[in-house]
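Mind looking over this structure? Questions follow.
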Amino acid sequence: STPLIPVADGLLVMPLIGTIDQTRARQILESLLEGVVRQRSRFVILDMTGVREADAQVASTLVQAACASRLLGVQVILTGISPAMAQALVGLNAELTGIATLSTLQSGIAYALQKIQK
């Protein structure tokens, strides 16, 4: 399972841990979209600090999740991207416009809270 944790009004965090295969990536996408609508979130952080392995297909699904969330009016923040994930995203020529990327979950939460307060 992939939890979607409310951190503050309008802010959700989805910590991703372990190996993500294509089936789990689709589950992440579905859970994310349902959760942001149900919680009426303005921001969601996808924290990839705990992801051990991810291939190009998984990276593509995560980018799709971020893009779909943006279509729902949610600002997506990616944190904890590993060098392997960064290479997979670059290899895809992934369109990351409008998606904030920060090194740590802590910096992602601080960024989102600052935006919420404005």
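Once phi is turned into θ = phi - 60°, what whole-Hz ³J(HN,Hα) does the Karplus curve with 6.51, -1.76 and 1.60 give for every residue of the range 102-109, x standing for Gly and Pro?
So the J values, rounded to whole Hz, are 9, 6, 10, 4, 4, 5, x, 5.
Round to a whole number: what % of the accessible area of the chain belongs to carbon and sulfur, probe 1.4 Å? Before the final figure, lay out each step's value.
Values: 3350 of 6410 Å².
With neighbouring chains kept in place, the figure for the chain is 52 percent.
Taking the mean number of other Cβ atoms within 10 Å as a proxy for protection, how do you rank 75-83, 108-116 from highest to lowest?
Packing order, densest peptide first, comes out as 75-83, 108-116.
Helix-derived [θ] at 222 nm for the chain: sum -39500 (n - 2.57) over DSSP H runs of at least 4, divide by residue count, nearest 500?
So the calculated ellipticity at 222 nm is -15500 deg cm²/dmol.
To check you understand DSSP bridge types, tell me what percent of the beta bridges within the range 1-94 (both residues inside) are antiparallel, rounded to 5.
In the range 1-94, approximately 20 percent of DSSP beta bridges are antiparallel ones.
Next question. Given a cut-off of 24 Å, what percent of all Cα-Cα pairs of the chain lie beyond it?
16
What whole-number value in Å² describes the accessible area per residue of the range 12-118 for a 1.4 Å probe? Write down the numbers at each step before the final one.
Values: 5720 Å² over 107 residues.
Result: 53 Å² of accessible area for each residue.
According to a simple spin-label model (label point 7 Å from Cα along Cα-to-Cβ), what is the distance in nm between T49 and A8?
Placing both labels 7 Å beyond Cα along the Cβ direction yields 1.7 nm.
Could you check which residue among A100, A66, A86 shows the biggest mean-square fluctuation in a GNM of the chain with a 10 Å Cα cutoff?
Comparing A100, A66, A86 in the GNM, the peak value goes to A86.
A84 versus T23, label points 7 Å from Cα toward the beta carbon: distance in nm?
Computed distance between label sites A84 and T23 equals 2.0 nm.
Given contacts defined as C-alpha pairs under 8 Å and at least six residues apart, what's the relative contact order of the chain, whole-number percent?
26
The values are calculated or read from the model by the stated rules, or taken from the named source; none is laboratory data. From a predicted model like this one, the values you see are computed outputs, not experimental measurements. Positions of Cβ are generated from backbone atoms using ideal geometry, with glycine treated the same way; all protein chains shown enter the neighbour counts. Side chains included, ligands, DNA and RNA excluded: accessible areas come from the protein's heavy atoms. Shrake-Rupley method; radii C 1.70, N 1.55, O 1.52, S 1.80 Å.
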